[in-house]
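See structure below.
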Amino acid sequence: MMGGYGDVQLLKEDGTRLDGRAVDEMRPVEIKVGVLPAAQGSAWVKQGLNVAVCAVYGPMEAHPRKIQRQDRAVLDVRYNMAPFSTGERIRPGFNRRAREISKVTAEALESVVLLERYPRSKIRVEIEILAAEAGTRCAGITAASMALADAGIPMRDLVVGIASGKIQDTVVLDLDKAEDNYGQADLPAGICPNTGELVFLQMDGDLSIEEYNLAMEYNFKAAAEIHEIMVAALAAKYGGGEA
Ligand code: CDP
């Protein structure tokens, strides 16, 4: 949430951020696939202090019948923040924010999953945020595309979730919690690392065209770095190096 607290110091004298990162430096990312034995596919993504886990079930017959599509599968995406994922306990349940994030995540994934391969079926994608320190929708999207890949669901490309934003009139990559709380803008994106396609984009706050272009440049640079980590995670389970 953008508070617009102009007096909160988020950049140090030397131009680095409070956690020591450069303006164009993302938080460390770690990824594993196949972490949940009961699911067809699963992934664990740690991005800075965020932890997202995703389980994929299916393809299975779509129920109830009214949600079925004759020509393709439907994605049933559910993003949820665990009650213990933030300092202040989150009220359990599917709130407005979770509904919105689930919807935009589903739309991002629909752009890459070959849904036409599975008519009348449903693929369930469950994203659980275990630790939330800003940027959880992005960590969730990355985790979901990895879990779908782990489930062997055919896709045109993976999707990397990554955000840039603005703090103290400066564009920075991958906002942390303080930067998100006290910053001026946030630009989360879903990027296909092979095709360079943009399958998800939101903007909170205001950016000039120049700031937007720089934020997207940072997002694309980070997406390429995260993609390498995704490929390595798949190679760790399946061998090889292509994805
Ligand atoms: O997590 P993301 O940046 O995608 O979404 P946000 O709505 O901009 O939330 C930013 C951060 O605020 C979350 O990652 C949480 O750390 C925190 N938050 C919270 O403490 N309680 C909520 N109900 C929602 C968000």
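The values are calculated or read from the model by the stated rules, or taken from the named source; none is laboratory data. Source: prediction; values computed, not measured. Note that we place each Cβ from the backbone using ideal geometry, even for glycine, and neighbour counts take in every protein chain shown. Side chains included, ligands, DNA and RNA excluded: accessible areas come from the protein's heavy atoms. Shrake-Rupley method; radii C 1.70, N 1.55, O 1.52, S 1.80 Å.
Summary table
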read-out: Some residue of region 93-106 being under 30 Å from residue 208 (Cβ atoms), in contact with a helix residue (DSSP H, G or I) (Cβ under 7 Å, 6 or more places away or on another chain) and modelled with pLDDT of 95 or more; value: yes
read-out: Test: residue in region 116-124 that is at pLDDT 95 or above, under 23 Å from residue 237 (Cβ atoms) and either of a type in the set (D, E, K, R) or within 16 Å of the ligand (Cβ to nearest atom) (or both); value: yes
read-out: Region 40-52: number of residues that are open to solvent by 10 Å² or more (accessible area, probe 1.4 Å) and assigned to a strand (DSSP E or B); value: 3
read-out: Of all residues in region 185-221 being of a type in the set (Gly, Ala, Ser) and within 15 Å of the ligand (Cβ to nearest atom), the one that is surrounded by the fewest Cβ atoms within 10 Å (Cβ to Cβ); value: 205
read-out: Among the candidates 239, 190, residue that is over 24 Å from residue 14 (Cβ atoms) and modelled with pLDDT under 95; value: 239
read-out: Given (1) of a type outside the set (S, T, N, Q); (2) within 12 Å of the ligand (Cβ to nearest atom); (3) within 22 Å of residue 12 (Cβ to Cβ); (4) out of contact with any helix residue (DSSP H, G or I) (no Cβ under 8 Å at 6 or more places or on another chain), index of the condition residue 174 fails; value: (4)
read-out: Lone unmet requirement of (1) in a helix (DSSP H, G or I); (2) open to solvent by less than 60 Å² (accessible area, probe 1.4 Å) for residue 127; value: (1)
read-out: Of residues in region 53-89 being without any contact (Cβ under 8 Å) to a residue 12 or more places away in the chain and either open to solvent by less than 40 Å² (accessible area, probe 1.4 Å) or away from the ligand (no atom under 15 Å from the Cβ) (or both), the one farthest from residue 124 (Cα to Cα); value: 83
read-out: Among the candidates 143, 134, residue that is within 13 Å of the ligand (Cβ to nearest atom) and on the phi > 0 side of the Ramachandran plot; value: 134
read-out: Residue match in region 149-157 (condition: open to solvent by 60 Å² or more (accessible area, probe 1.4 Å), among the acidic types (Asp, Glu) and in contact with a Ser or Thr (Cβ under 8 Å, 6 or more places away or on another chain)); value: no
